[in-house]
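Read-outs throughout are calculated quantities, based only on the coordinates presented, and are distinct from any laboratory measurement. What you see is a predicted model; the values in this text were computed from it and never measured. As a convention, Cβ positions derive from the backbone with ideal geometry for all residues, glycine included, and neighbour counts pool all protein chains shown.
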Amino acid sequence: MPDLSKETELQHQPVATEDEKSIPAEAGPTELSSTQKRWRPWQAVGACLIYFNSWGLTMSLGVYQAFYTTTLIPHESQARIGWISAMAFAMSFFGAVIAGPLVDAGHLKPVLTAGVVLTCFGLMMTSLCQHEYYQLLLAQGVVMGFGCGLLLLPSMSIPVVWFPTPKGMAIVFTLTGVATSIGGIIYSAMFHYIEHDSGWRWAVRATGFVSLGTSTAGAMMLQYKEAPAQRRKFFNLSMWNEPGFKGVLLAAFFAWGWAFTPINWLEGYYLHEQRIRHSDVQFWLVPIAFAGGIPGRIVLNGLAVKFGGFNTWALTVAACGILNFCWMAVHTQAAVIAFAFFYGFVVLGFSAVTTLAIMSLAPDRIDVGTRLSMAMLAAGLGLLAGFPLAGQILWSTESFTGMQAFTGAIMLLTFAIAMCVRHVHAGFTLKVI
């Protein structure tokens, strides 16, 4: 017998009109195609290779600064030599600010190509510099730094699209952070050993060749998940009206301007405390700090997923301030080594969760790139002020105590600003942000 209940049910179903039939069904979540699934892991590998060069090179400048101070241009003041590292860091951020809209406009490969070429060209020109301060400032500070910035932004923004979940982003940022630490260790060791055997010029050239090969491989791997839908603005002035955003920019200015001061002066501090001019232990201090950054990035990225990116970032800022005051009591060789490891653990973890901190305060993901660009600009300006000012304090007082106290005070001030921003967004609650 026919099923009459089904016939009755069909009779009572509304019949779709022609207009209703023309309306497409709501699209569900997009899935990766087979080609995209094959390319997805390589985006993380490519980002790691780019971070290995962009941040790895920039972070290893502490080794160069010690060499410039003691050997190449010892007649220059600490403040002037500090401008080389400050300019390289700042140009990295300024290059990233310029690269962002270009990448959003569909020019990923030209931006990466320019970054690879400028980074290698800056290193090769550095190897040709005579004992002239301005040549080092232009070649290593401006050209190499700007090239690293052009590489940095794509390696931050492209993987986020391929790994959009908080857990996926945390894993990618952890991997790229570890690559940064490994790059800092390798480039520092390369300069030390090759400079000892073949001279500093070939040490810089060898660094340039390694950078050219690895960054080219990384640039070939990175690609868009899909064509960019719209161009992003360099700046969005409407964000100034958002509660707390001015505080975020102010915190970025102070935090990035002074957080890396101990890393930059670790070698000089050790020589000053030990009353010696050269030591193998002196060289290993910066790589030890990078080694501390490997577990630091893993642990702090994990904490950021659980307790919130901005909460974790604020705590790392406070820890940096406290450790800078503790630095004043560090005098023996063992204490300096321990300080290098623990400060690297905190400060490199701080840099790893910065992106997650800014993203956690954004109302939506549409303008996160613009927020990152504005924060990078503030951080770059802070770096232009921080390193030279720290060097000037050291030069004028002929003691590290003033620089240590000033850096610690600035970082604790930044923590207070971060707490004000947190209060604006979450009040006095224990909300995860």
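Here are some notes:
- The overall shape of segment 108-164 is prolate: from the C-alpha gyration tensor, with semi-axes ordered a ≥ b ≥ c, the ratio a/c is 1.5 or greater and a/b exceeds b/c.
- The protection proxy used here, the mean number of other Cβ atoms lying within 10 Å of each residue, ranks peptides 295-301, 159-165, 122-128, 34-40 as follows, highest first: 295-301, 122-128, 159-165, 34-40.
- C-alpha long axis of helix 34-59 to longest principal axis of the chain, angle in °: 20
- Residue among 148, 209, 95 farthest towards the positive dipole end of segment 77-236, charges placed on Cβ: 95
- Volume per residue of the C-alpha convex hull in segment 286-411, rounded to whole Å³: 108
- Cα shape, segment 126-261, gyration tensor, a/c 1.5 rule: prolate
- Its alpha carbons give the chain an Rg and a Dmax of 24.5, 105 Å.
- Selected from 385, 290, 194, residue furthest toward positive end of dipole (the chain; charges at beta carbon): 194
- Separation in nanometres of the label points that stand 7 Å from Cα toward Cβ, at residue 424 and residue 107: 3.3
- Value of relative contact order over the chain, rounded to a whole percent, pairs C-alpha under 8 Å and six or more apart: 24
- Computed [θ] at 222 nm, helices only, for the chain once each DSSP H run of length n ≥ 4 contributes -39500 (n - 2.57): -26000 deg cm²/dmol
- Nearest-ten-degree value, helix 261-274 long axis tilted from longest Cα axis of the chain: 30
- Proximal charge balance of residue 430 [Cβ under 13 Å; K/R count +1, D/E count -1]: +3
- Gyration tensor (alpha-carbon) shape descriptor, segment 176-222, a/c threshold 1.5: oblate
- Links that overshoot a 23 Å alpha carbon limit, given the list 109/225; 167/246; 246/431; 109/246; 37/306: 167/246; 109/246; 37/306
- Size of segment 31-109: Rg and Dmax of its alpha carbons, in Å, are 18.4, 61.
- Computed packing ranks the peptides 49-57, 111-119 as 49-57, 111-119, most packed first, by mean other Cβ atoms within 10 Å.
- Degrees, to the nearest 10: 166-198 long Cα axis against longest axis of the chain: 30
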